[in-house]
1. Could you please find all residues in the stretch 359-384 being open to solvent by 10 Å² or more (accessible area, probe 1.4 Å) and under 22 Å from Thr330 (Cα atoms)?
2. Identify the residue in the stretch 145-154 that is open to solvent by 60 Å² or more (accessible area, probe 1.4 Å) and assigned to a strand (DSSP E or B) and, among all such residues, is modelled with the highest pLDDT.
3. What are the residue pairs meeting all of these: first residue in the stretch 88-115, first residue over 15 Å from Leu422 (Cα atoms), second residue open to solvent by less than 90 Å² (accessible area, probe 1.4 Å) and part of a loop (DSSP other than H, G, I, E, B), Cβ atoms under 7 Å, and 6 or more apart or on different chains?
4. Determine which single condition Val72 fails, assuming it passes every other condition in (1) open to solvent by less than 50 Å² (accessible area, probe 1.4 Å); (2) under 37 Å from the mean Cα position of the chain (by Cα).
5. Name every residue in the stretch 326-340 that is surrounded by fewer than 20 Cβ atoms within 10 Å (Cβ to Cβ) and of a type outside the set (D, E, K, R), in order of residue number.
6. Tally up the residues in the stretch 111-128 that are more than 16 Å from Pro185 (Cα to Cα), part of a helix (DSSP H, G or I), under 28 Å from the mean Cα position of the chain (by Cα) and hydrophobic (A, V, I, L, M, F, W, C), please.
7. For the stretch 394-412, indicate whether the set of residues that are under 14 Å from the mean Cα position of the chain (by Cα), open to solvent by 60 Å² or more (accessible area, probe 1.4 Å) and of a type in the set (Ser, Thr, Tyr) is non-empty.
Amino acid sequence: MTAARSRLRRPGKSGADEAAAKKPATIAATEQPRSRFGVWLSRPMTSFHLIIAVASILVTLGLIMVLSASGVYSYDAGGSPWTVFLKQVVWTLVGLVAFYIALRMPIRIMRKLAFPAFAFTIVLLVLVLVPGIGKIANGSRGWFVFGGFSMQPSELAKMAFAVWGAHLLAARRMEQATLRQMLVPLLPAAALALTLIFMQPDLGQSVSLSIILLGLLWYAGLPLKLFVSTVSGAVIAAGILAVSAGYRSARVQSWLNPMADAQGSGYQARQARYALANGGLFGDGLGQGTAKYNYLPNAHNDFIFAIIGEELGYIGAAGVLCLFGLFAYTGMRIARRSADPFLRLLTATVTMWVIGQAFINVGYVVGLLPVTGLQLPLISAGGTSTATTMLILGVITNAARHEPEAVAALRAGRDDRVNRLLRLPPPVPYVPSRLEVARDRLRTKEGKTPGKAVKKAPPKSPPRAAAKASGKAVAKASSKASSKAKAKQPRKAPAADARRTAQPGERTARRAGHHGEGRNGRQGRGQQGRARSLEGQRYG
């Protein structure tokens, strides 16, 4: 009976014990994500897998739509419906090689090659302006043609400028450089590249490079006044360029009044809207569109989004926009989770560049913006643009592998199928500089110490005071008992006289032993310390 009662009493703990037992479980339940999707997002390699998945879908969709939109144009130009598509496939393979190189490249080497690569692209921008070297296409002398393949150096210049600008601003921010020291190398270099692109002339590439410059200034945390002045200057320069040339002025006028010249400068934008309207909700079907039959110029290039809306409908067009939205989320997620300031700034800037270019392309296809000639990244038929964008994606994917959690997981030997398939080396963790470490320590100290704090003595708790009082009472009682015992014992006069008549040398020796030079003094002090510690354990 007694055993049964004890068994019944064991699980019935007090309410405080039950609350203490349930508390860690409650905290663990609140800290864990509630859904499987949340668990997947919290994994260390999620950003790496996301960026690869989005890039693969966009590249595949781009190849399918280029094949569908360029068949008629290729057949009219060369008698084969595969010409433009095969060139796009070749440039996609070049982009895959560039993607893999950027994915495996160490961050240290990437930063070393930033300025030489930008200087090389400046040389290419100068050479493309020379008659006989640069070829004219669509009214712009901005192409190199080799064996039927064309290459646009302004695309390489944009990528090189983004990497070098991120390296420069990240290094100067760590060095506590002044505003002038940060802007003097960057702004003159951007002005030189923009001037060379203006001389081609190419308004679309100028706008794209301006987006990169604004992204670098914004994400580097420069003053808002400087950013606003830069944006104002860019808008004024774009307005001047828009009305300086006849064909650009006609584009702006057709945007403001589409029906003013419906068969001239406004014909392309009007046919793009007709194609979107014909698609409806679900589209006419892949390959079944009619706008590509020479109704819509550049259907496979600048206006491929109109073909997507016609053949895949509103659902397909919205799906493409959602893919770019997912790309924007992934890029900003990688930038936010990166520990390296260079990768953080570069990833945010190139994400803004790709999304800004996609926004401008979709904007002038649907009629919200004037036609600028910017291509839809990874979707439009454009060799250099596709290869450069895939190089950008390789850099972003490399940054995803260098997130602190991803570095810890990969270097700890965690098995990842994609890394094993691509045979990627383990990433090198970011080591902050001494200046950055000192700055973090200073911030933590400032956060811990408030501005004005009034020091108040903490009130003594009643149990401790009672314990101290009882301890003192016990000590007094023990001292009285020892004094009575000494009084009862007979007095030893010779020993007391010897103590009184001790020589001064012996007294100094005893004092020296008390201060730690004597062995007996140390032993006595150790026993006394142990006795005090025992007394503290007993009486609090």
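1. Phe359, Ile360, Val362, Gln375, Leu378
2. Only one residue tops the list, namely Val145.
3. Listed by first residue and then by second, the contacts come to Gln88/Ala381; Ile107/Asp340; Ile107/His402.
4. For Val72, the exception is condition (2).
5. Leu326, Ala328, Tyr329, Met332, Ala339
6. Selection size over the stretch 111-128: 1.
7. No, there is no match, as no residue in the stretch 394-412 is under 14 Å from the mean Cα position of the chain (by Cα), open to solvent by 60 Å² or more (accessible area, probe 1.4 Å) and of a type in the set (Ser, Thr, Tyr).
For every residue, the table says whether it meets (1) of a type in the set (S, T, N, Q); (2) more than 22 Å from Tyr219 (Cα to Cα).
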position: Arg104; (1), (2): no, yes
position: Phe118; (1), (2): no, no
position: Leu129; (1), (2): no, yes
position: Ala137; (1), (2): no, yes
position: His167; (1), (2): no, no
position: Gln181; (1), (2): yes, no
position: Pro185; (1), (2): no, no
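The values are calculated or read from the model by the stated rules, or taken from the named source; none is laboratory data. In this text, all values refer to a predicted model and were calculated from it rather than measured experimentally. Using ideal geometry, Cβ is built from the backbone for each residue, glycine included, and neighbour counts are taken over all protein chains shown. Each accessible area value is taken on the protein alone, full model and side chains, heavy atoms only, with ligands, DNA and RNA left out. Shrake-Rupley method; radii C 1.70, N 1.55, O 1.52, S 1.80 Å.
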